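The values are calculated or read from the model by the stated rules, or taken from the named source; none is laboratory data. Note that the structure is predicted; figures quoted are calculated from it, not measured. Here Cβ is always computed from backbone atoms with ideal geometry, including for glycine, and neighbour counts include all displayed protein chains.
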Amino acid sequence: MERKRLLLHTLQLWTEQGDEFQVARTLRFLSDAHRDLGQYAEGIQHTRDALVIYERLGDMAGQGKSLQELATLLYDDKQLEAAEEVASRAINLPLHEGNQFVVCTCYQTLGQVCHSKGEMEQAIKYFEAGLGIASSFNWPDRFFWLHYNLAGLFRDQSKFDDAHAHVERAKSYTVNDAYHLGRAMELQTWFWYQQHRLKEAKSGASRAADVYGKIGAVKDVEDCKKLLQRIEGR
């Protein structure tokens, strides 16, 4: 909330100075703050406003980033068709190599959309396309989320060997990132629970809660405690 307040003040200052580039940039940051707060409608509107400015300025990189962020917000807001259209639009922009992070992230969003729609084979193709780009630039964060997404996809197909393989790959990219490690451990715990490997599941839930606790991720700790209670049949 404090971040949002400061960004709103910053937006007012840049608007008064008439600096459209900085206005658009601040709108994108503000949109991200709204996303963290779960205020998707507000975030979507701010991103659309930023996109209009970038289009007026002829800033292709800004357009790509705005479209990528808009696609993510639309997906989070469960507007799957709109997210798919926006992500595809971003991928088709004539972006320079320095903007390939946008393309990589949009492939991830397209994979998530297809997964949600039950189009598993197409989802895998998108995730693998994202991994191909990430491998060219060595982006640990993208590697983590793409393998994490693939692990979740194979879990939903009850292909647990593949799911475990991808979650282990995801964990290998969590060096110095405790939150990502916690997310991977929590997902793996669900695999064990679904496979009725309750001893491993109980241990996994407890260890994930410990990781989250060390970084103050209170909600995630509570989620792990609820999962542990479910495993123990309480």
If we ask which residues in segment 94-116 are surrounded by 16 or more Cβ atoms within 10 Å (Cβ to Cβ) and within 22 Å of Ser136 (Cβ to Cβ), their number turns out to be 15
If you go through Arg28, Arg56, Arg5, the only one that is in a helix (DSSP H, G or I) and within 21 Å of the chain's Cα centre (by Cα) is Arg28
Can you say whether Cys104 is within 13 Å of the chain's Cα centre (by Cα) and at pLDDT 95 or above, as far as the supplied structure shows? yes
Subset of segment 156-176, residues buried (at least 21 other Cβ atoms within 10 Å of the Cβ) and closer than 21 Å to Arg197 by Cβ, comes to Ala163, His166, Val167, Ala170
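Mind counting the residues in segment 71-105 that are part of a loop (DSSP other than H, G, I, E, B), among the polar types (S, T, N, Q) and within 17 Å of Gln39 (Cα to Cα)? Reasoning before the result, please.
Restricting attention to segment 71-105, the residues satisfying the condition of being part of a loop (DSSP other than H, G, I, E, B) are 77-79, 92-96.
Among the residues that remain, those that are also among the polar types (S, T, N, Q) are: 79, 92.
Keeping just the survivors that are within 17 Å of Gln39 (Cα to Cα) gives 79.
The number of residues fulfilling the criteria is 1.
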Candidates Ala134, Ala170 - the one that is touching a helix residue (DSSP H, G or I) at 6+ places or on another chain (Cβ under 9 Å) and more than 23 Å from Lys226 (Cβ to Cβ): Ala134
Contact list please: Cβ distance under 7 Å, first residue in segment 102-119 and touching a residue at least 12 places away in the same chain (Cβ under 8 Å) and closer than 16 Å to Ser135 by Cα, second residue of a type in the set (Gly, Ala, Ser) and surrounded by fewer than 24 Cβ atoms within 10 Å (Cβ to Cβ), pairs at least six apart or on different chains. Tyr107/Ala129
Among the listed residues Tyr179, Tyr173, identify the single one that is farther than 25 Å from Lys117 by Cβ, hydroxyl-bearing (Ser, Thr, Tyr) and not in a loop (DSSP other than H, G, I, E, B). Tyr179
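In the list Ala134, Ala90, Ala129, which residue meets the criterion of being buried (at least 24 other Cβ atoms within 10 Å of the Cβ), under 21 Å from Phe154 (Cα atoms) and not hydroxyl-bearing (Ser, Thr, Tyr)?
Checking each option against the conditions leaves just Ala134.
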Among (1) buried (at least 16 other Cβ atoms within 10 Å of the Cβ); (2) under 25 Å from Ala83 (Cβ atoms), Ile231 falls short only on (2)
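Which of the residues belonging to segment 106-119 are part of a helix (DSSP H, G or I) and among the small types (Gly, Ala, Ser)?
Listed by number, the residues that qualify are Gly111, Ser116.
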Return the only residue of Leu110, Leu74, Leu80 being among the aliphatic types (A, V, I, L, M) and either in contact with a Pro (Cβ under 6 Å, 6 or more places away or on another chain) or within 30 Å of Thr15 (Cβ to Cβ) (or both). Leu74
Can you tell me how many residues in segment 2-44 are farther than 29 Å from Leu80 by Cβ and in contact (Cβ under 8 Å) with a residue 12 or more places away in the chain? 7
For segment 220-234, pairs from a residue that is over 13 Å from Gly204 (Cα atoms) to a residue that is surrounded by 12 or more Cβ atoms within 10 Å (Cβ to Cβ) and among the hydroxyl-bearing types (Ser, Thr, Tyr), with Cβ under 6 Å and 6 or more apart or across chains, are Asp220/Tyr212
From the option list Glu222, Glu168, Glu186, single residue qualifying as more than 26 Å from Cys104 (Cβ to Cβ) and assigned to a helix (DSSP H, G or I) is Glu222
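Among the candidates Gly130, Gly204, single out the residue that is touching a Lys or Arg at 6+ places or on another chain (Cβ under 8 Å) and part of a helix (DSSP H, G or I).
Unique residue meeting the criteria: Gly130.
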Does Lys226 meet the test of being exposed (fewer than 14 other Cβ atoms within 10 Å of the Cβ) and of a type in the set (D, E, K, R)? yes
Write out, first by first residue and then by second, each pair whose Cβ atoms fall under 8 Å of each other, whose residues are 6+ apart or on separate chains, and whose first residue, in segment 192-203, is on the phi < 0 side of the Ramachandran plot and free of Cβ contacts under 8 Å to residues at least 40 places away in the same chain while the second is polar (S, T, N, Q) and exposed (fewer than 15 other Cβ atoms within 10 Å of the Cβ). Gln194/Ser158
